[in-house]
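Inspection log for the structure reproduced underneath, given as structure tokens.
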Amino acid sequence: MSSTEIQNLGEEPCFRLEHLPGKSPHLAGKASPQVNSRWDAPQVTANGLHDIEDRILRITGYYGYNPGYSSHRREEGSESHADTPVSETSGDGTAYQTCANTVLKVLGGLLVVLCVSSSWVGTTQVVQLTFKSFSCPFFITWFSTNWNILSFPLYYSGHMATTREKQTPIQKFRECSRLFGEDGMSLKVFLKRTAPFSILWTLTNYLYLLALRKLTATDVSALYCCHKAFVFLLSWIVLKDRFMGVRIVAAIMAITGIVMMAYADGFHGDSFMGVALAVGSASTSALYKVLFKMFLGSANLGEAAHFFSTMGFFNLIFISCVPLILYFTRVEHWGSLSSLPWGYLCGVAGLWLVFNILVNVGVVLTYPILISIGTLLSVPGNAAIDVLKHEVIFSVVRLAATCIICLGFLLLLLPEEWDTVTLRFLTTLADKKTEEHGEELTESSVHTRSRSRANGAVSIPMA
């Protein structure tokens, strides 16, 4: 039996357990484990004193205790606290990266807006310059549409330069042919799907060029913006899209602007005919977009490039006979091929191709609403050139009609949930003002009480 002794009376008792002489603390025949038991001496801190928590755990016989346990826990706790700011920093970095991506997308969108507007203004102005020496609108339309063949090669070049997964042109062409169905492109599908859209495309551009021979570039570009209202009306009637009162108002404003534009010079002469041609161009453009959405749905960048190239091939193969017919019938007659203004013709075709590419690329890279704004900005751009270069004087009626059409165009850009978002914003703003007013009243009452106490005044409540 082990002996126990008290060394100093009145001081803290210290118990020491001794083994019996000749006895091993372990069982006979068992190997001694090479681990520290709970009877081992605890570790000593740097100042030579035992850690109080370690001594308490040792005396009470805490299961699984080993010296320095509490200090280890404190170190782990400090490490866990040190990890918290790192996670917060990573979260802040993610939010900063998202914000930076949004800013870059908006800035890229603004750049695309300027390019879209500039290309459309350039196309309109160069067409009018071409008419001074070569007044053949259908030939210009046919020649410019043939350049759409370059859409898919340009897309494939960009695809090869920006992606790691390389595909042959045939593989990429077949992949993009899924726009026409699971079976891809065939002669039947080529004639069935491409023919109506190619005809509408040619008719839209041809009517637009005819209108430019009758009206100024500003008037034609403003009237062409009415296609947005026609798209809404056709989508509401044919595609059963959601009814929106604000878009009906915008459509009425567009029609009002058209009537005012026709009334500016009286309902006769070239002015009225030019308005009719411009409105016809906007109508065929709207029909083209609604039918595309109905039969083909939405298309990505590769499918859009494939579709434009397909229309270019259809135009080259099947519509090339029309300029020849117009030539031999003397409707659009020109001299030898060397006498044609190839510089202006290539300029119109190139700018038209750039405009179509920017519209499709811009929808993928940035917000679609910015592309529509770029088309609208062509109106003031053409107006500035007409005033500064051509010295055009606009009447009050034409200016009012142009402003009404542009305002209706902007109303058509409102999202479908614009009313709900606006009401929510106004409610939040009103609640915020109410909270600020309540905080101001609370602060003023606190200041009043503090002043009354400082002056020794006592407020007596009324009975």
Review point. Of 297, 312, 280, which residue is surrounded by 19 or more Cβ atoms within 10 Å (Cβ to Cβ) and within 35 Å of the chain's Cα centre (by Cα)?
Key: 312
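Can you pull out every residue in region 403-438 that is assigned to a helix (DSSP H, G or I) and either at pLDDT 90 or above or surrounded by 15 or more Cβ atoms within 10 Å (Cβ to Cβ) (or both)?
Within region 403-438, 403, 404, 405, 406, 407, 408, 409, 410, 411, 412 meet the criteria.
For (1) basic (Lys, Arg); (2) modelled with pLDDT of 90 or more; (3) closer than 28 Å to residue 312 by Cα, each residue gets a yes or a no:
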{"position": "206", "(1), (2), (3)": "no, yes, yes"}
{"position": "213", "(1), (2), (3)": "yes, yes, yes"}
{"position": "217", "(1), (2), (3)": "no, yes, yes"}
{"position": "221", "(1), (2), (3)": "no, yes, yes"}
{"position": "241", "(1), (2), (3)": "no, no, no"}
{"position": "250", "(1), (2), (3)": "no, yes, no"}
{"position": "271", "(1), (2), (3)": "no, no, no"}
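Table: residues versus (1) charged (D, E, K, R); (2) more than 28 Å from residue 233 (Cα to Cα).
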site	(1), (2)
345	no, yes
348	no, yes
356	no, no
363	no, no
373	no, no
377	no, no
382	no, no
391	yes, yes
396	no, yes
Review point. Looking at region 162-172, is at least one residue in a helix (DSSP H, G or I), open to solvent by less than 40 Å² (accessible area, probe 1.4 Å), more than 18 Å from residue 297 (Cα to Cα) and among the aliphatic types (A, V, I, L, M)?
Key: no
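Evaluate the following for residue 234: is it over 28 Å from residue 270 (Cβ atoms), at pLDDT below 90 and among the hydrophobic types (A, V, I, L, M, F, W, C)? Write out each step before concluding.
Numbers: over 28 Å from residue 270 (Cβ atoms): yes; at pLDDT below 90: no; among the hydrophobic types (A, V, I, L, M, F, W, C): yes.
Judged against the criteria, residue 234 is not a match.
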Study note, to complete from the structure: Within region 122-139, restricting to residues that are polar (S, T, N, Q) and open to solvent by 40 Å² or more (accessible area, probe 1.4 Å), the one that is nearest to residue 359 (Cα to Cα) is 135
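Per-residue answers, yes or no, for (1) part of a helix (DSSP H, G or I); (2) on the phi > 0 side of the Ramachandran plot; (3) aromatic (Phe, Trp, Tyr); (4) in contact with a Ser or Thr (Cβ under 9 Å, 6 or more places away or on another chain):
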| site | (1), (2), (3), (4) |
| --- | --- |
| 293 | yes, no, no, yes |
| 306 | yes, no, no, yes |
| 325 | yes, no, no, no |
| 355 | yes, no, yes, yes |
| 360 | yes, no, no, yes |
| 364 | yes, no, no, no |
Study note, to complete from the structure: All conditions in (1) at pLDDT 90 or above; (2) polar (S, T, N, Q); (3) open to solvent by 20 Å² or more (accessible area, probe 1.4 Å) are true of residue 119 except (3)
Practice item. Select from region 246-273 the residues that are touching a Ser or Thr at 6+ places or on another chain (Cβ under 9 Å), farther than 19 Å from residue 229 by Cβ and open to solvent by less than 70 Å² (accessible area, probe 1.4 Å) and list them in ascending order. Key: 264
Exercise for review: Name every residue in region 173-193 that is of a type in the set (D, E, K, R), farther than 18 Å from residue 293 by Cα and in a loop (DSSP other than H, G, I, E, B), in order of residue number.
Suggested key: 183
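Conditions tested, residue by residue: (1) within 30 Å of the chain's Cα centre (by Cα); (2) of a type in the set (Ser, Thr, Tyr); (3) at positive phi; (4) assigned to a helix (DSSP H, G or I).
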{"position": "195", "(1), (2), (3), (4)": "no, no, no, yes"}
{"position": "205", "(1), (2), (3), (4)": "yes, no, no, yes"}
{"position": "218", "(1), (2), (3), (4)": "yes, yes, no, yes"}
{"position": "229", "(1), (2), (3), (4)": "yes, no, no, yes"}
{"position": "242", "(1), (2), (3), (4)": "yes, no, no, no"}
Practice item. Report the residue count in region 359-396 for those that are open to solvent by less than 40 Å² (accessible area, probe 1.4 Å), among the aliphatic types (A, V, I, L, M) and at pLDDT 90 or above. Key: 3
Practice item. May I ask you to verify whether residue 143 is within 18 Å of residue 332 (Cβ to Cβ), over 28 Å from the mean Cα position of the chain (by Cα) and open to solvent by 20 Å² or more (accessible area, probe 1.4 Å)? Key: yes
**Study point:** One residue from 179, 203, 191, 212 being touching a residue at least 60 places away in the same chain (Cβ under 8 Å), touching a helix residue (DSSP H, G or I) at 6+ places or on another chain (Cβ under 9 Å) and open to solvent by 30 Å² or more (accessible area, probe 1.4 Å)
**Key:** 203
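The values are calculated or read from the model by the stated rules, or taken from the named source; none is laboratory data. From a predicted model like this one, the values you see are computed outputs, not experimental measurements. Cβ sites come from the backbone with ideal geometry, for glycine too, and all protein chains shown count toward neighbours. We work out accessible area using only protein heavy atoms, side chains counted, and drop any ligands, DNA or RNA first. Shrake-Rupley method; radii C 1.70, N 1.55, O 1.52, S 1.80 Å.
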